[in-house]
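Report on the following structure.
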Amino acid sequence: MAIELRNPKNKRFIDLTGKTFGTLTVKSFMGFKKPIGCSKWICECQCGRTFEAWGNALRAGQCTNCGCKRREKVATKHPLYSTWAGMIERCYDPKCKQYKNYGGRGITVHDGWRKSFWSFAEYMGQKPSGFYSVDRFPDNNGNYEPGNVRWATKQEQNRNRRSNHLVTLDGLTKTLAEWADEFGISRQAMLQRVQSGRSLHGHRQPNSRPKKGENEPEISFSERRERRRTIYEQVAAGATVEIAAKSHGVSVSLVRSAVREFRSTP
Ligand SMILES: [Zn+2]
């Protein structure tokens, strides 16, 4: 379709810039179609899409959205639609019974998914069976967003509950997230360590493990705790967390975690 781009100076030209038609807002003039002379416009739909529309179709009310209304209608028949709608409701509708456990504690839905069911459906793929539902994983306190959702059964979800995220090491109980901070690894990596039952002590990046013969002693748990106490004492004596972190060669979050740990039990 030939579009002639020229300056709209003829008398019949009606500038639609800024006007709204249904959910479409006209952003700018695009060009004329030869030889009839219909104008084409770049519009932005409320759903966030950019859409090109003919001026006559807009003014005649034949074009009122980018097609999202139709897609939405089709979406309601999709097997994942109720999953998606339920997720949005739990996170954003205070009238929803479960809101207090979701939106009420700050859990949100990834913006692209909130705006578009199709974007969510494409990411999630097919539900393995009716026994599965969407689980926030590996971070149960995290949001519904790419990288933190999976299809899971009830049992799998129970294992991933907030209350199950307390981990006890040598008599000290902390949340998974706190331990992850302490070890300087991601929550996902920490969870994998816990679930695999691998040793939580003496962890290192594979490349930084000392070679045989270097004879570097592994730090025991109690030594680790002593070090945290020393760090805490430094902060208690007036050092900033940044300075304490630097002088011990550890992360700021580890210092904060040490402060939290010893502040209550000096
Ligand atoms: Zn739209």
From the phi angles alone, apply the Karplus equation (6.51, -1.76, 1.60; θ = phi - 60°) to segment 124-132 and give each ³J(HN,Hα) in whole Hz, x where the residue is Gly or Pro.
6, x, 5, 6, x, 6, x, 7, 9
Report the trypsin sites (Lys or Arg not before Pro) located in segment 52-127 that are in a DSSP loop and have at most 15 other Cβ atoms inside 10 Å of their Cβ, or state none.
Lys77, Lys95
log10 I(q)/I(0), Debye, Cα-only segment 48-112, no solvent, q = 0.16, 0.28 Å⁻¹?
-0.71, -1.12
From the C-alpha coordinates alone, can you work out the Kirkwood hydrodynamic radius of segment 72-158, in Å?
13.2
Sorted by chain and then number, the residues having a modelled amide H within less than 5 Å of the amide H of Cys38, at least 5 places away or on another chain, are Lys33
Output wanted: per-residue J couplings in Hz (rounded whole) for segment 15-28, from phi through Karplus 6.51 cos²θ - 1.76 cosθ + 1.60, θ = phi - 60°, x for Gly and Pro.
7, 9, 3, x, 7, 10, 10, x, 9, 9, 10, 6, 9, 7
Using the Karplus curve 6.51 cos²θ - 1.76 cosθ + 1.60 with θ = phi - 60°, work out ³J(HN,Hα) for each residue of segment 256-263 in order, rounded to whole Hz, and write x for Gly and Pro.
4, 4, 5, 5, 4, 5, 9, 4
If amide H atoms are built 1.01 Å from N in the plane of the peptide, which residues on other chains or at least 5 residues away come under 5 Å of the amide H of Arg150?
Asp135, Phe137
Pairs to check: Lys100/Lys127; Lys69/Lys115; Lys77/Lys115; Lys69/Lys97; Lys95/Lys127; Lys73/Lys100. Give those whose C-alpha atoms are more than 19 Å from each other in this structure.
Lys100/Lys127; Lys69/Lys97; Lys95/Lys127; Lys73/Lys100
Gained length - Leu169 relative to Arg70, 0.36 nm times residue gap less alpha-carbon distance:
30.2 nm
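Any read-out appearing in this document is the output of simple, stated calculations on the displayed coordinates, not a laboratory observation. The structure displayed is predicted, hence computed values, not measured ones. Neighbour counts are summed over all protein chains in view; Cβ atoms, including those assigned to glycine, are modelled from backbone coordinates with ideal geometry.
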